[in-house]
Amino acid sequence: MMTAFGRRRGVWQAVMIWAAWVSMAGPGWAEPVGDVASGKALYIERCVLCHGSKGHGWDWGQKVMRPPVPVPNLVEVVPQRSDEALKTVIRDGGEAVGLTRFMPAFGFNMSAQELSDVVAYLRSLYGQGK
Ligand code: HEC
């Protein structure tokens, strides 16, 4: 009787210690929170030529040939994707999610924070603000 109670208390203590540790670990432990302004700057620098200023697609006019695959309208596609899926395609390129390599991989020069920023900006394009 006493031992069963003692053991349960031990479990509770372990849970409390774990919860305290997780809450102390805070943001450093979770995914970085995206910053829309920084994401916009990154988007204009690296994505706008193919995806257009509003995410609607190709902005090169007649100057350069379009890629042989359609550039998706991000305003329509992004709401259907999870943050993780978006980060994967931006970080590892189209082939990582079953698309083509005409969507290049940016992971080699994008930090986790920058990825979150770009995703936050993509979400702001359709006004969800998340
Ligand atoms: C060289 C042109 C090009 C550049 C630069 C580019 N993309 Fe793409 N992107 C594409 C193409 C083309 C596709 C569609 C690929 C396919 O359908 O096979 C695509 C697909 C995507 C998708 C996937 C949509 C889906 O269906 O899930 C996302 C998200 C995306 N791009 C975001 C970005 C972001 C963010 C950047 C800038 C960091 C960027 N792209 C830069 C051409 C580009």
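Filtering the range 62-75 to residues that are within 9 Å of the ligand (Cβ to nearest atom) and either in contact with a Lys or Arg (Cβ under 7 Å, 6 or more places away or on another chain) or free of Cβ contacts under 8 Å to residues at least 12 places away in the same chain (or both) leaves only 66. Please enumerate the residues belonging to the range 77-87 that are within 9 Å of the ligand (Cβ to nearest atom) and either touching a residue at least 40 places away in the same chain (Cβ under 8 Å) or not basic (Lys, Arg) (or both). Within the range 77-87, 77, 78, 80, 85, 86 qualify. Scanning the range 28-61 for residues that are assigned to a loop (DSSP other than H, G, I, E, B), within 12 Å of the ligand (Cβ to nearest atom), at pLDDT below 90 and not acidic (Asp, Glu) yields a total of 5. For beta carbons closer than 7 Å, sequence separation of 6+ or different chains, a first residue in the range 33-53 that is in contact (Cβ under 8 Å) with a residue 60 or more places away in the chain and a second that is within 6 Å of the ligand (Cβ to nearest atom) and not charged (D, E, K, R), the qualifying pairs are 39/118; 42/118; 43/118; 46/106.
Considering every residue within the range 95-105, establish whether at least one is near the ligand (Cβ under 9 Å from one of its atoms) and in a helix (DSSP H, G or I). The answer is yes; a qualifying residue exists. Scanning the range 106-130 for residues being part of a helix (DSSP H, G or I), surrounded by 13 or more Cβ atoms within 10 Å (Cβ to Cβ) and not small (Gly, Ala, Ser) gives a total of 10.
Would you call residue 25 over 15 Å from residue 126 (Cα atoms), of a type in the set (A, V, I, L, M) and modelled with pLDDT of 90 or more?
Answer is no for this residue.
For the residues 107, 94, the requirement of being without any contact (Cβ under 8 Å) to a residue 24 or more places away in the chain, out of contact with any strand residue (DSSP E or B) (no Cβ under 8 Å at 6 or more places or on another chain) and under 23 Å from residue 66 (Cβ atoms) singles out 94.
The values are calculated or read from the model by the stated rules, or taken from the named source; none is laboratory data. Predicted, not measured: the structure shown is a model, and the values here were computed from it. Here Cβ is always computed from backbone atoms with ideal geometry, including for glycine, and neighbour counts include all displayed protein chains.
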